[in-house]
Each structure stands twice: as C-alpha cells, then as structure tokens.
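The structure appears below as structure tokens.
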Amino acid sequence: MATIKFRQKRSLIGKPESHRRIVKALGLHRIGHVVETTDTPQIRGMINKVKHIVEVID
C-alpha cells in the first residue's frame, strides 16, 4: 500500500482546538516532526483540514 510523509511546519499556538486534535491524531508532536503513514482518504482529509500547519513531503 502507498505511504505518505508529512511534516508539521507551523506552531499550534492560537489555533482552534479542532486543529490541535487533528494534528495530534496525525501523530505530530512538534515543528519539524516528520511522520510516514499509509495514504488513505481519511488521512488526506485530515491533512487538507490543517494544510496551513502541515506540509506533504514528496
């Protein structure tokens, strides 16, 4: 199955609680943290919700 890598690029300070929960559910902990996981529509949707905080790495 395909995988996707993404990194937290911005701080969560001042962001809504829903965005904080999404970033935590993605497994990110701090700025610069990189996570690799399976590429599913659910993960893509979560990344799309917080695209201003998270960036996808090729």
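The values are calculated or read from the model by the stated rules, or taken from the named source; none is laboratory data. The shown structure was predicted, so the numbers you read here are calculated from the model rather than taken from an experiment. Glycine also receives a Cβ, built like all others from the backbone with ideal geometry; neighbour counts cover every protein chain displayed. What goes into the accessible areas is simple: the full protein's heavy atoms, side chains included, and nothing from ligands, DNA or RNA. Shrake-Rupley method; radii C 1.70, N 1.55, O 1.52, S 1.80 Å.
Which residues, taken from segment 12-31, are without any contact (Cβ under 8 Å) to a residue 24 or more places away in the chain and either among the aromatic types (F, W, Y) or closer than 17 Å to V56 by Cα (or both)?
K24, A25, G27, H29, R30, I31
Can you tell me which residues in segment 3-14 are part of a loop (DSSP other than H, G, I, E, B) and open to solvent by 60 Å² or more (accessible area, probe 1.4 Å)?
K9, R10, I13, G14
Are any residues in segment 15-48 assigned to a strand (DSSP E or B) and open to solvent by less than 80 Å² (accessible area, probe 1.4 Å), and if so, which ones?
V34, V35, T37, T38
For K15, state whether it is at pLDDT 95 or above and within 10 Å of the chain's Cα centre (by Cα).
no
Considering only segment 41-55, state which residues are among the β-branched types (V, I, T) and under 23 Å from G14 (Cβ atoms).
Within segment 41-55, I47, V50, I53, V54 qualify.
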